[in-house]
Structures are given as structure tokens and as C-alpha cells.
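The values are calculated or read from the model by the stated rules, or taken from the named source; none is laboratory data. Bear in mind the structure is a predicted one, so any value in this text is a computation, not a measurement. Cβ placement follows ideal geometry from the backbone for every residue including glycine, while neighbour counts extend to all protein chains displayed.
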Protein chains: 2
Amino acid sequence: MRTAPRSPADSITPIARYLQTLHARYLPCQEGAVADYIPELTKADPHWFGICLATRDGHLYEIGDTRQAFTIQSISKALVYGLALEDCGEAHVRSRIGVEPSGDAFNAISLQAGSGRPFNPMINAGAIATTGQVLARGGKSRIARVLAYLSGCAGRPLEIDQDVYRSESSTGHRNRAIGWMLRNFNIIDEEPTDILETYFQQCAIQVTCRDLAVMGATLANQGINPITRQQAIAPDNVAHILSLMTSCGMYDYSGEWLYQVGLPAKSGVGGGILATLPGQLGIGVFSPPLDAQGNSTRGIQVCADLSKDLALHLFHNGTAPPPALRLSYDNTQVGSRQRRPPLQREVLQREGVRIRMLELQGELVFSTVEPILRAIELQSGTCAYFILNLRNVITADAVSLQLIADLQSVLTERGIGLLLCHVGKLATRLLHCGLKTETLFANDDFALEECENRLLAHVMGAHWQERPALSLAQCELLEGLADADIAWLDQRLRAAHYGAGEAIVRTGGAGDALYLLVAGSVEVQQARSGNQAGNRLEVLTAGMSFGEMAIIDRAPRSADVIALEPVVCRVMDLALFNRLDQERPDLKISLLHGITRRLSSNLRRANRETRAYRGSP
Amino acid sequence: MRTAPRSPADSITPIARYLQTLHARYLPCQEGAVADYIPELTKADPHWFGICLATRDGHLYEIGDTRQAFTIQSISKALVYGLALEDCGEAHVRSRIGVEPSGDAFNAISLQAGSGRPFNPMINAGAIATTGQVLARGGKSRIARVLAYLSGCAGRPLEIDQDVYRSESSTGHRNRAIGWMLRNFNIIDEEPTDILETYFQQCAIQVTCRDLAVMGATLANQGINPITRQQAIAPDNVAHILSLMTSCGMYDYSGEWLYQVGLPAKSGVGGGILATLPGQLGIGVFSPPLDAQGNSTRGIQVCADLSKDLALHLFHNGTAPPPALRLSYDNTQVGSRQRRPPLQREVLQREGVRIRMLELQGELVFSTVEPILRAIELQSGTCAYFILNLRNVITADAVSLQLIADLQSVLTERGIGLLLCHVGKLATRLLHCGLKTETLFANDDFALEECENRLLAHVMGAHWQERPALSLAQCELLEGLADADIAWLDQRLRAAHYGAGEAIVRTGGAGDALYLLVAGSVEVQQARSGNQAGNRLEVLTAGMSFGEMAIIDRAPRSADVIALEPVVCRVMDLALFNRLDQERPDLKISLLHGITRRLSSNLRRANRETRAYRGSP
């Protein structure tokens, strides 16, 4: 890609600089002649020259006369075809108009032998027939609806150049002949007069280079106008329009264009060219002088360079969809926030490899999901549960979701679980494909916990979950203390009872106590706003403890701790914690040992998680 | 997508099941007639019917007669065009053969007025002219080279069906006429005899449905055969071949095909159809009965269903490249492994937001890199350093790398740093684009450290890095101890000296000492194998400590600690550490407080990193 010599510029977009050089490169070009088949068009200034790129998110790069109005002419043919499809349906429109390129000139009266169908909507015969499939509706005339439709694609209200319209109409004899031929073959069902006047006005609609780029971006964006965010073109019709632009959008230069430029495009004798790189961007070029085929001379050259310099050719542009598999790890690397008592912990450390999380990303289509199916097939021998994490999935087509649903039923037959998490907006569609409700989860944490629970029940049996109230001696923090020491503490630690939902510790509160959980379970939360994804930091059960860090560094509490059920804690208040230094230093030392043990294991877990999320070994 | 009723199947691929139903759907079809313009072809069994999908990584899905040999016929035209381009160059080939679709029959003697150029390489005239551009080379005849080229595309040695060849040759009078017309117009420079015999043999090459799918996948895979991993077709020619398949690959059905099926494809009268979804997969269908246009009847129906059921239409297939921006965070969220002394830590906590890491992913092309440029433009007011992390980048075209290089020079003009890390295989190309060597890093850790160092030097001045030897009192672990206690320890902690590169602690060693670093710096490493990316866990400098965790939980050392320069440590051996419990419990307690403080801050850092890598708030 060639770029301009650096200037001490304030702009940091090399793209703007590139467009400047491109514009300068062809500004001197003298080739071609302004269209003169109607007087009005001869008034165009051959020096007008604009280039505009519109990204799929509506950002515009403009250079030159991008706001100069000119008439859309044949470019309208491609878009109005979409409106005809909306009004009469594809079957009907296809029965009246073909989609094969024709070797004949754009204004030839060439109709397919027998049927009398125009070869395609891009030659005048086909375009007039297409306009004939647009219906006057809801008190709106044909032209009113065409105008509204094209305005939707441009993202601003468009108007008709009345002078050009009159000029087209007063000289449109050949098109009138075509109109009557179409009537003769019943391609249109009424006298052609209104259809022809609509067609003449349609061709005389005023657009700018910027409008063409936005229209192109709208086609690139599944019909959604990137500026207004409105669905300007029905998504199903976008592919039809792009197909026609590809096969016959550039008159008898279409084959050359596809070979050399490789972008679906449509040109008009007004000097405009609209080009689209599907899924990526729209291009508008405007320069009135035309070549022998009736395409803008500068337009052809600019698009050829853009395609080459920016690698935009449909078949050169190396955007194969990247693998849908973003990351993969098992339960021993990343577990749920549910902290497990020692026995369960051992089981999960041993068997956790049988729970595997696959993080997906990007756009799910057949060819990106297909390798996921194979990856799961490969591992289905050793894994009991697979979790598909959709958090980084951008879009998913119907096929990919159906494949996942089919995969789930096949795995179920084999007694293997397939869960999905971070399903978000896709939930409804996933259910519609037949995925079981109980297998869809709001976030990975809940899905992981579900798999852990199932695995624990499977390995440890029905009573795996029983959690009787514990004695102080069974608290992990006090592990290894002598009975006498336990007894000593037992007399001094106050017992505190909390009801389900009650807050035991509040973020920002003073770190003035250390809690030993002897009955029930608590959730450590980042904020108070209920149980959203990511909000749940830890779930602790009897035998565990909390509040260690704050009581040592005396920092305010960094999270809420909420009782999930009736809870009993034994509490060591700051006063006692400090008094131990003198009264029972030996006890204080073992306590601190316990605390460091807990911190160390948390630290090791956090490091394991970091490595897993980073995707490093 | 329709799928088969579940059977208690062993296969877990819904795709295989779908292909079964598709095959069953069209097996009964009776339409079409086997080609009979040469006697040999009439011997084909009209019931032969195979479907094969080949993925871009060479996985095959097959159903039916996918290993039945038949002659490639016109499908060879598309591929041989690639060989002609390799032999004579595009300019020369284009000067002899056009790329415009022609309305005429495939075997018409239709040449462009004046030039005598065949309209395109897919009609016989153009195909014969194309074969004429293949050169006998290195002792290999034309047909030997054609055979080798097509074998490379199929990934196995192909052979010629001699009976069909003789049959073609003995009845090829019209083609001979075409050959002499081409000679007459100097489209070929020699008498046509050898070219024609080559052409007849080329059409008689035996392939299977599987071969067609692999050839299609090769075209989908930028010319690299997914099975053999060989570059079978020069990458630059792939787009040319695909363009021609799109504009005129299916005879006079090409427009309909693009509109309805939307896959670059080529058919042959042998009953084969080769179709490609660029960047994704290849399709081969085989069924001898042909329709009026000379395309396999079942083949057309199967491809139409595949395109619809699997959403493969070129313009329907929703694979817009996903955003190249995978993740973004600043230095306060993720820092380098270089642990900073208190003063530097404060600076980085305050100013670290000015260092921003952008993790990129997928395939870098114009439209995926363009938003990155805008994102950086937006943040360039507040950031001093940007790091582009290429670890998850799959491919990058020349344009995207040049844009990044141009961005760097523009940012440099503004005094903003742009660094790249995990450049891996892209390094050479990046340097070629003009990126500065000193801005390319092997991994994110080193790039982060570089930015931190520059920022610290900027904020703290020239001497920011000075690290004089420290006294015990200045060790973070002993913070807050009374002078008397420091003095007490000073008498008892042994001093240990290590040379640069010397190992202080070895993985697996006994946790029998706690080290206070008073001079020099050390690196904590995961393994001994030098300083690879990800291997460096921490770099510690004077005032910091290591070995705390092991001395408490008595676990073996979990990493190596290597001196980066001459190092002095004060060492507390296990014996003393334990003796403190009785001799100086107060001291032991403060020591344990120090250790928990260090563990807590490490834990907080690890949690920050986990959140950042996870992309959660």
C-alpha cells in the first residue's frame, strides 16, 4: 500500500493520508466523456471528483467532492430490486425478470425468447420491469415509496432532480418502446405509463458520493444502515442484490470488474459507482466522465487501486473466519467460586479434568462450529461434561445453533453433558433449536458449579452435600491446634447467628473481626446489587473462614459477605486478636500460620486461573 | 437446517447425519441424461451419486460414491488457467484470452471481434487457448505438467482415462476447427495439434468426488492443499480462478447459480461439480445425469440445498471478520513481572493508566485494523504508550502491517510510543514495513517492563533506577520493627553472596530458609531453561524477600530463583524461624504479619490480572 510522504500532520489516520494520494493520483486524468444522451447530464463538471469510504460501523473517510449532488441513474436499479422483492416476493419477481447477464447493450430491447423475460434487472428492460413490481401502497405512490426506500439506504431524505427527470422523460422514447414490449409479454400487468414516469424519476434521484458509500455500507452490513441503525434493506434480499451487482452490475465490464476489482458494484451514467465489500465496508466514487462501457473512468481506476492497495478483492481479502475456539481449560485450572470442603476439593482435584470449558468467539457459522464438534468428539472419551462459553461470540447463524443443539442430543445419548453459559441474547434462539433450558446458564461460574456438583454426586454418592454444623476443632484455620487451645478459644470466641440474606460484613466496614464459619454458607460479593454474573466472588461453607486479610492490614472490608441460609459464626474480635500477642503468643502464631496457609492456597488458585485465562501453559 | 431422526448412533457428528439425509433426498431423482456426445461417456451409470465436503484443515465428510472415478472434463478448465498464469504471466494470458462471460454455447466458435480473443477460459475456445499457454518444461510435456498440477490440487497422483481420451480425440472435429481459428488469430503461436491432444487428455483425467472436494478446499485455502499442505496453486492466482468460476463457471446457468447457490464453482459433462466457499471449505458432487445447460442435475440440487441448509452463500454466509480488538487493559490492571520498590510502585499506580495494552486477534486486514487506528486515536490524548499484543493474531496481510507501521511513525511524531509484542513469525515482515526493531518484543512481559521503565524515567528523572544496597531495616518484610528487634535479627541472619546467574533456590528443593534481598536483583523462574516468554515469574530487587510460602507450609520450592547480578541476601534458616516461637514470639508475630501483608498484596494483584485477562470489569 502506497502512502503519502509524512507531513507534521495532526491527523493520525494513515488512511486519510492514503486517500489524499489516491485522489491526487487521478485528479489530472482527462479520459472519458460526460454522458450526453440527455441534455441535462451534459451540464456536469468533468472536474468533479469525490471518493468516500464508509465502514460497517458508520465511520466515513472522505476526499474531494463527496457532497456534490448528482443523479443516481442506473445505480438505483440494484436497490429498487430489493424493494420489488419486498413488495411482490422473490418467486413472483423471478418469474418476471431473469438474473442471467446478457451480452447486449444496457438499453437493448432484449427479452428472453418465449417468456419475454428481461435477462436481468440491470438492463433497462429488466429495471423498468422491476420498477413495475414496486407497489403504490398506504396512500404512497410508487415513486414516493422508491424515494423513501433509497432515503433509508442513504440515511437522509433524498430528492428528485426535476430538470433531469423532465429531460429523461422527454427523450425516453426507447424506454417507452421497452415498456410496451414488457406489457405485450405480460411482464407488467398495466399500461407502462406510470411505471415509466416512476422509472424516469427514480433515475433522477439526487445523491452524493457519501450517500453511495453509506448505501454500500448498508449492503455490507446485512441491510442495516450503519448511520441510522435502521434496517433499510430486508436481510434476505441483501444477498440477492449483491449477487446481481456481481454478475451484471458494471454493464459489459462486469467480468473484467469481478476479475480485477472483485467487489459487488453498480455504476450509473451520472458518474457514480457504488461498491461493497460484504461484511466490511462501502465505497462511493463520483466522477462524471464515462468510458466506452458507460462507467466512470476515474471511478474504475480508483476502485481498481482501492481493491489492490487495501486488498479488498472479494477473493483476495484474506478474511477466513478465525477459529471459534478462543480458549479451552478444565476444572482443575478454573473452578467455580464455590469453595469446597477438603474432601470435595480432593475429588475435584483428581476428577476435575473431566469437566472441560470451551470458550468460543467471533461469528458462529457452519465452518467455524464444525471444528468444535470434532474437538469435542476427540475429547468425549475422557470428559463427562463440556461447557460452551458464548461470552465472546458476536453473532451465530441458525445453522451453527442447530449444530450445537444436535450435538447436545447426541452427547446426551452417550451420557455426556453439554452445557452453555453466557448465553445472553441467544437464549431464546437456543431454546428454539431444542436445547434444554436446564443446560443454559447466565455465566461460566454457575455452569462450572453445576458440573462440579454433578461430578461430586456421581463420585461421592447421594449424601455428598451433607454439611452438618461443625465444632471449632474442624475449622481449617485452626488445623493442628491442641485440644486445650481449641477449648481456650471456645470460651472466648463469641457465637454470632445470621438469618438467610443477612449481611455479615459490608464493603468499607472496619476490619475489626475474624469469622470462623461453623454452620451454613455465605457468599462473598463484590457489590450489593443482587446476584449478577461476576458479582459472586466466593461461596464459603462451614469449616471455612473470612475476614483474615482486613484484620491484619486493618484495611476496610473489600467485599460484602451475605448469609445464604441460617448461619452460625464464631467471631474473634480485633481486641482479642491483638491481646493474643501477649496472652497466648503461641496461639497467635499458629493462627497466623493458618492464615498464611489460606492466603497461599488462594494465591496458587488465582495464579492457575490467570494462566488459564491467558491461554499460557 | 434439516437433520436426520436420531438413531442410537455411535457417531456424534450431526454433519454426517445431515449429509445422509441430503443424499437420500436426491438419490431417487430421475431427471437429466448422461452425456452422449462421445460414446465413452454414455457408459456412466446414472445411479452413481456422491457428495463430499472438505474443510480448510483437510477433514472430509463423505457420502455415497465418493471414490468412483470419472473424467474431470470442463472442471479442468478452471485449474489449468492457474497453470497458464504461472507459465506465461497474467499480462500475456490476458492478452490472449478474455474474462467476460459470453451468451454463447460452451462449444461455440465465438471469438471477440477484431482481436479474435476467446471471451473467457471456460468456453472451449478459451480453454484450448489456455492449454496453449501451458509450456512443456524441464523435459516434461504439456500434459505431464497439467497432470502434475491437477494431482497437486487433488493431493494424489491422477491418471488419464485412455478410452475417453481416444473417444474425445476421434470425435473432436469442432475443437480442431476452434484450434485452427485460434492459430489464425495468433492466439496460439504454433500449430494446434499438440495443444488439442493435450486438451483432450486434460479433459479425460480421472478424478473422484473426493478429489473435487479437496481441490475446492485447496482453492478455499489460498492454494495450499489441506491434505498435503503443499502450495498447489500460487496464492495470487487463486483469486483469478475464483473470479472466473464465479462469472462463468456454470455455463449459461452462471447467473442463476450465483444468485441461488452463491459459490464459485465449475462443472463438467462427466457429472462432477466443484464448488468453493473461499476461506472455509470445498465441495465435490458427482452424478452423471446432466440438465439442459450441461450441469449435473443432482449436483445442482445438492449444492442449492447445501448452500441453503448450511448457509454457505457467498453473500449470506455471515462471516464478517470479528473485531481485531480482543482485550484492552492498562498497566494498573496488568503490570510486568518486574516487582517495583515502594516509590516506583506508587508512580505506576498513579500513572500506569498511560500505558495501554491492546490484545489483537484473528486475521488482520484493512477493515479489522482500521477500527484499532481509531481506538488509538481516541485514547492518544491520555496515553503515552500503546502496546499491540499479537499473540492471538492468526494472519496479517501486507496492508494491515503497513497501516500499523504508518501509525507508529505518526504517533512517534507526537511523542507517543507504539510497541508490539508476541511478534513471533511476523517480525521480519514488520521490520520490512518500517517498524523500529527496538519497538518489537518477544512477549507482553518485556514490552510492559520497557514502557514502565520509560514512564518511571520520565516521571522520576534520570536516577530513577539507582538501587543502593539496603540495610535490614529497609526490608519490606520487617517494616515497623523496632530498632532493637532489627539489631537482634542483624546479629543472627547469615549473609549470603551470589554471583550473576547463580541459582539461589532450586525447584523441588527443601523450603528451609527465608531470604531477605539487601543488594542486587533476582529472577523467579518457572523452569531452568533460560529466559523464554512466560518463564519469568517475578523479578525482585533489594528490599524484597522470597521463600516465605515454602518455609511456612514446608512444601518443596515451586520455582528457581536466579541472581541477575551480584546479590547479597540475609538468610533466616528454618531452625531460627522455628526457634523464634519460643525465644522471640513477638518478633515471630510481626514477621508473620509482614508475610501475610506480602501474600495479600500478591493475591490482590493476581485477582486484578485475572479480571483483566477475563475481560470482566
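Go through A:Gly270, A:Gly255 for me and flag whichever is buried (at least 24 other Cβ atoms within 10 Å of the Cβ), in the same structural domain as A:Leu53 (by TED's automatic domain parsing), over 24 Å from A:Arg67 (Cβ atoms) and out of contact with any His (no Cβ under 8 Å at 6 or more places or on another chain).
Matching residue, one of A:Gly270, A:Gly255: A:Gly255.
Going by the conditions given, is A:Gln201 assigned to a strand (DSSP E or B) and more than 24 Å from the chain's Cα centre (by Cα)?
Taking the combined requirement at face value, the residue does not satisfy it.
Kindly list, by first and then second residue, each pair from a residue in the range A:499-517 that is at positive phi and assigned by TED's automatic domain parsing to the domain that holds A:Arg339 to a residue that is surrounded by 15 or more Cβ atoms within 10 Å (Cβ to Cβ) and assigned to a loop (DSSP other than H, G, I, E, B), limited to pairs with Cβ atoms under 7 Å and residues at least 6 apart or on different chains.
none
At least 3 residues that are free of Cβ contacts under 8 Å to residues at least 12 places away in the same chain and among the acidic types (Asp, Glu) in each: list the helices (runs of 4 or more DSSP H) lying fully within the range A:368-479 that qualify.
Per the criteria, no element qualifies.
Consider A:Phe200 against the criteria (1) closer than 20 Å to A:Ser110 by Cα; (2) touching a Cys at 6+ places or on another chain (Cβ under 6 Å); (3) not polar (S, T, N, Q): it satisfies all of them except one. Which criterion is unmet?
For A:Phe200, the failing item is (2).
Given the condition outside any strand (DSSP E or B) and either under 24 Å from A:Arg467 (Cβ atoms) or under 43 Å from the mean Cα position of the chain (by Cα) (or both), answer yes or no: does some residue in the range A:566-574 qualify?
yes
Counting just the residues of the range A:399-424 that are aliphatic (A, V, I, L, M) and more than 7 Å from chain B (Cβ to nearest Cβ), which one comes out farthest from B:Asp309 (Cα to Cα)?
It comes out as A:Ile416.
Quick one: would you say A:Val238 is over 30 Å from A:Gly116 (Cβ atoms), touching a helix residue (DSSP H, G or I) at 6+ places or on another chain (Cβ under 7 Å), of a type in the set (A, V, I, L, M, F, W, C) and in the same structural domain as A:His59 (by TED's automatic domain parsing)?
no
Out of the range A:590-613, which residues are more than 7 Å from every other protein chain (Cβ to nearest Cβ), small (Gly, Ala, Ser) and farther than 18 Å from B:Ile551 by Cβ?
Answer for the range A:590-613, where residues must be more than 7 Å from every other protein chain (Cβ to nearest Cβ), small (Gly, Ala, Ser) and farther than 18 Å from B:Ile551 by Cβ: just A:Ala612.
From the list B:Glu479, B:Glu450, which residue is assigned by TED's automatic domain parsing to the domain that holds B:Gly352 and either among the acidic types (Asp, Glu) or modelled with pLDDT under 90 (or both)?
Going through B:Glu479, B:Glu450 in turn, the sole match is B:Glu450.
Please list, ordered by first then second residue, the pairs with beta carbon atoms under 7 Å, 6 or more apart or interchain, first in the range B:321-341 and closer than 15 Å to B:Arg604 by Cα and of a type in the set (S, T, N, Q), second crowded, with 18+ Cβ neighbours inside 10 Å and at pLDDT below 90.
Short answer, once both residue conditions are applied: B:Gln333/B:Ala612.
Quick grid of which residues meet (1) among the acidic types (Asp, Glu); (2) buried (at least 21 other Cβ atoms within 10 Å of the Cβ); (3) farther than 22 Å from A:Leu212 by Cβ:
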| site | (1), (2), (3) |
| --- | --- |
| A:Ala136 | no, no, yes |
| A:Gly139 | no, no, yes |
| A:Arg145 | no, no, no |
| A:Cys153 | no, yes, no |
| A:Glu159 | yes, no, no |
| A:Gln162 | no, no, no |
| A:Arg166 | no, no, yes |
| A:Ser170 | no, no, yes |
| A:His173 | no, no, yes |
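Residues being assigned to a helix (DSSP H, G or I), out of contact with any Asp or Glu (no Cβ under 9 Å at 6 or more places or on another chain) and hydrophobic (A, V, I, L, M, F, W, C): count how many of those fall in the range B:239-277.
Selection size over the range B:239-277: 7.
Can you pull out the residues in the range A:362-392 that are of a type in the set (Val, Ile, Thr) and facing chain B (nearest Cβ under 9 Å)?
A:Val365, A:Thr368, A:Ile376
Please identify the pairs in which a residue from the range B:546-570 that is more than 26 Å from B:Ile589 (Cβ to Cβ) has its Cβ atom under 6 Å from the Cβ atom of a residue that is among the acidic types (Asp, Glu), counting only partners at least 6 apart or on another chain.
The qualifying pairs are B:Ile562/B:Glu523; B:Ala563/B:Glu502; B:Leu564/B:Glu523.
Hey, any hits in the range A:218-226 for a residue that's within 14 Å of chain B (Cβ to nearest Cβ), closer than 25 Å to A:Ala292 by Cα, in contact with a strand residue (DSSP E or B) (Cβ under 9 Å, 6 or more places away or on another chain) and without any contact (Cβ under 8 Å) to a residue 60 or more places away in the chain?
No, the range A:218-226 contains no residue that is within 14 Å of chain B (Cβ to nearest Cβ), closer than 25 Å to A:Ala292 by Cα, in contact with a strand residue (DSSP E or B) (Cβ under 9 Å, 6 or more places away or on another chain) and without any contact (Cβ under 8 Å) to a residue 60 or more places away in the chain.
Can you tell me which of B:Leu440, B:Leu455, B:Leu448 is surrounded by 15 or more Cβ atoms within 10 Å (Cβ to Cβ), farther than 28 Å from B:Ala563 by Cβ and within 37 Å of the chain's Cα centre (by Cα)?
B:Leu440
Of all residues in the range A:324-343 being surrounded by 18 or more Cβ atoms within 10 Å (Cβ to Cβ) and under 30 Å from B:Leu263 (Cβ atoms), which is nearest to the other protein chains (Cβ to nearest Cβ)?
A:Arg326
Please go through the range A:267-306 and give me each residue that is without any contact (Cβ under 8 Å) to a residue 12 or more places away in the chain and touching a Lys or Arg at 6+ places or on another chain (Cβ under 9 Å), ordered by number.
Of everything in the range A:267-306, nothing turns out to be without any contact (Cβ under 8 Å) to a residue 12 or more places away in the chain and touching a Lys or Arg at 6+ places or on another chain (Cβ under 9 Å).
Checking B:Leu85 against (1) closer than 30 Å to A:Gln112 by Cβ; (2) within 14 Å of chain A (Cβ to nearest Cβ); (3) at pLDDT 95 or above, which single condition isn't satisfied?
Every listed condition holds for B:Leu85 apart from (1).
Just to be sure before I move on: is B:His23 modelled with pLDDT of 90 or more and either among the hydroxyl-bearing types (Ser, Thr, Tyr) or touching an Asp or Glu at 6+ places or on another chain (Cβ under 9 Å) (or both) in the structure I sent?
Against the criterion (modelled with pLDDT of 90 or more and either among the hydroxyl-bearing types (Ser, Thr, Tyr) or touching an Asp or Glu at 6+ places or on another chain (Cβ under 9 Å) (or both)), B:His23 does not qualify.
Just one of (1) under 25 Å from B:Asp252 (Cα atoms); (2) surrounded by 20 or more Cβ atoms within 10 Å (Cβ to Cβ); (3) among the aliphatic types (A, V, I, L, M); (4) out of contact with any Lys or Arg (no Cβ under 6 Å at 6 or more places or on another chain) trips up A:Ala91, so point out which.
(2)
Could you count how many residues in the range B:253-284 are charged (D, E, K, R) and either touching a helix residue (DSSP H, G or I) at 6+ places or on another chain (Cβ under 7 Å) or more than 7 Å from chain A (Cβ to nearest Cβ) (or both)?
1
Before we move on, is B:Gln344 touching a residue at least 40 places away in the same chain (Cβ under 8 Å) and part of a helix (DSSP H, G or I)?
It is true that B:Gln344 is touching a residue at least 40 places away in the same chain (Cβ under 8 Å) and part of a helix (DSSP H, G or I).
Residue-wise test of (1) closer than 18 Å to A:Thr218 by Cβ; (2) surrounded by fewer than 21 Cβ atoms within 10 Å (Cβ to Cβ); (3) hydroxyl-bearing (Ser, Thr, Tyr).
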{"position": "A:Cys29", "(1), (2), (3)": "no, yes, no"}
{"position": "A:Asp45", "(1), (2), (3)": "no, yes, no"}
{"position": "A:His59", "(1), (2), (3)": "yes, yes, no"}
{"position": "A:Ala78", "(1), (2), (3)": "yes, no, no"}
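Does any residue of the range B:171-189 turn out to be more than 38 Å from the chain's Cα centre (by Cα) and of a type in the set (Ser, Thr, Tyr)?
Checking the range B:171-189: at least one residue is more than 38 Å from the chain's Cα centre (by Cα) and of a type in the set (Ser, Thr, Tyr).
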